[in-house]
1. I want to confirm something. Restricting to the stretch 67-80 and keeping residues that are surrounded by 19 or more Cβ atoms within 10 Å (Cβ to Cβ) and aliphatic (A, V, I, L, M), which single residue is nearest to the chain's Cα centre (by Cα)?
2. Can you name the condition, by its number, that residue 9 falls short on among (1) on the phi > 0 side of the Ramachandran plot; (2) touching a residue at least 60 places away in the same chain (Cβ under 8 Å)?
3. Considering only the stretch 28-40, state which residues are under 16 Å from residue 77 (Cα atoms) and assigned to a helix (DSSP H, G or I).
4. Of the residues that sit in the stretch 12-27 and are among the polar types (S, T, N, Q), part of a loop (DSSP other than H, G, I, E, B) and touching a residue at least 24 places away in the same chain (Cβ under 8 Å), which one is farthest from residue 69 (Cα to Cα)?
5. Can you tell me which residue within the stretch 41-56, out of those that are of a type in the set (Val, Ile, Thr) and part of a loop (DSSP other than H, G, I, E, B), is modelled with the highest pLDDT?
6. Write out, first by first residue and then by second, each pair whose Cβ atoms fall under 8 Å of each other, whose residues are 6+ apart or on separate chains, and whose first residue, in the stretch 30-54, is among the polar types (S, T, N, Q) while the second is assigned to a helix (DSSP H, G or I) and surrounded by fewer than 17 Cβ atoms within 10 Å (Cβ to Cβ).
Amino acid sequence: MNSLADTVIAILAEQALLTPSDVSRDQSLADLGLDSLGLVEAVFAIEEAFDIQVPFNANEPGRGEFDISTVGAIIDGVQGLVAQKAA
């Protein structure tokens, strides 16, 4: 795993009150026990950690262009946003 993935996993684990080793790419946010408030806090922490803007609507979390279906999808989305910023 790279440091970006490690950072995203650490943020999600912290919000879910888990250790990073308890979080895998194939888990959903529900699997982690993250509620909507935890998700919003995780998104803010990810934005701060990577200095990016995540296209996420807290009122309709599953309907935005940012895939939050699994931990892996979130990691992939953050990688894409970081790459766009660097371009």
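The values are calculated or read from the model by the stated rules, or taken from the named source; none is laboratory data. Quick caveat, the model's predicted, so the values are computed rather than measured. Note that we place each Cβ from the backbone using ideal geometry, even for glycine, and neighbour counts take in every protein chain shown.
1. 74
2. The single condition residue 9 does not satisfy is (1).
3. Selection gives 29, 39, 40.
4. Among those residues, the one meeting the criterion is 24.
5. 52
6. 53/47
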